[in-house]
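Worksheet: the structure to be examined is printed underneath.
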Amino acid sequence: MPYIFTRSMTRCCRLFSITALVFLLTVSVATAQDKVGFIDVQKAISSTQAWKKGFAAFKVNFKRQRDVITQKENQIKKLLEDLNKQSFILDPKLKKKKEDQFRKEKVAFERYVEDQNKEFGLKEKEMTRNFLKGMIEVIQKIGKERKYTMILEKKSVLYNNTGNDLTDQATKAYDKTFK
């Protein structure tokens, strides 16, 4: 499951990076007086206390659901084993009835798994979107308070002075703002 978080956060960070890069290209060349900061948005978000709590709760719910799915999957397998064992001795009508029951159970199980995957995917995207929105607010506040000309996504820059890295400050500011 952590792969989904990373993939979604990476997409959001890429969008943020592209936006920042386009902004950088449209802004005139920075002078020596301009102050530019850099931030690793993905690292900043995943380091916040709120993200850690939210992600832990998400993992607990996901594990519970995975256990339910495993239990249902084992029931389906048992139905198939029973059907295979009894297929030679069963009356054809009863055999057909059990086969139909098995197919219905299997289709219902597959739909259930698909629905749960979609639901968890939507929850994860919503959670990531909310954290990203909050982090952008924090970054904008840092930029205004500290009089930065611009703050760029660190991953979209080939080189930057590590003294201008605001990732840790953004994480701390997020934690203070969104307790």
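Overview of values
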{"item": "Residue pairs, from the table LYS155/LYS176; LYS59/LYS125; LYS123/LYS155, whose Cα atoms sit over 18 Å apart", "result": "LYS155/LYS176; LYS123/LYS155"}
{"item": "Ranked packing of 109-116, 133-140, most packed first, by mean Cβ within 10 Å", "result": "133-140, 109-116"}
{"item": "Inter-label distance, nm, simple model (7 Å from Cα along the C-beta direction), GLN49/ARG129", "result": "2.7"}
{"item": "Student exercise, region 122-162 dipole from Lys, Arg, Asp, Glu Cβ charges, in Debye to nearest 20", "result": "60"}
{"item": "Segment LYS97-ASN117, extension gain: residue separation times 0.36 nm, minus the distance between their alpha carbons", "result": "4.2 nm"}
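Quick note: the coordinates plus some simple rules give every number you see, no bench work behind them. What you see is a predicted model; the values in this text were computed from it and never measured. Positions of Cβ are generated from backbone atoms using ideal geometry, with glycine treated the same way; all protein chains shown enter the neighbour counts.
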